[in-house]
Every structure is written in structure tokens, then in C-alpha cells.
Amino acid sequence: MPHDVHERATDFVTKDIIKHADLFIAETSYPSTGQGIELGWADSYGCPIVCIHKKGAGLSGSLQVVCKKFLEYKDVSDMMEKIVLLIRQGV
């Protein structure tokens, strides 16, 4: 099926991007199977992972396995400030 071929081709491109990334920042306020797969790829490639989430969001316990740094934010402005600071610190 053409749809299946397209999805697999996209996965290879995404894997390559993650494989060569210096940092993987994941917004984890809401569960997502696709994001979980990408987090697994980043972890398997040794890419540092930072999970960010909105204050009060219930986080999946499985994130503890792949992510060592979590950032909580209250609004978009707070989130951006924390990401900029994180990058400046050179995670």
C-alpha cells in the first residue's frame, strides 16, 4: 500500500535526524505513542532527552526510563524561557 511505504520512508528520515541530534526536547504533557517511539530512538542513539510539560500534567511513568531531565512550565512564555536557558547552559 502506498500509505505504508510513505510512513516507512518518513520514519527513516526521522530516525536519521534524531540519530545526529545534539538534544531531543519532548513536550510530554499528553501521551503519544508516536512520540514514545521517537523517544525510544533518541535513547537508543544516546541523544540527551529533556521532557517538558505543563504544570499539573500527569506524566507517564515510562518517561523516567528514557529521560533524566524534566522541566515544568506554566505558560508558553515560561516554556520558551526555560528552553532558551537550557540550551545556553549546554545541557
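Observations on the structure shown:
- Close Lys pairs in the stretch 2-89 (alpha-carbon distance under 19 Å; sequence gap of 8 or more, or different chains): 12.
- Given 16 as the ceiling on other Cβ atoms within 10 Å, longest exposed-site-free region of the chain for trypsin sites (Lys or Arg not before Pro) in DSSP loops: 1-54
- Between amide H atoms placed 1.01 Å from N, distances below 5 Å from LEU71 occur with CYS51, ILE52, HIS53, all of them 5 or more places distant or on a separate chain.
- Principal-axis tilt of helix 2-19 within the chain, Cα atoms, nearest 10 degrees: 50 degrees
No value in this document is a laboratory result; all are computed from the given coordinates. Small disclaimer: the values here were computed from a predicted structure and weren't measured. Don't worry about glycine lacking a Cβ; one is built from the backbone with ideal geometry, like all the others, and counts go over all protein chains shown.
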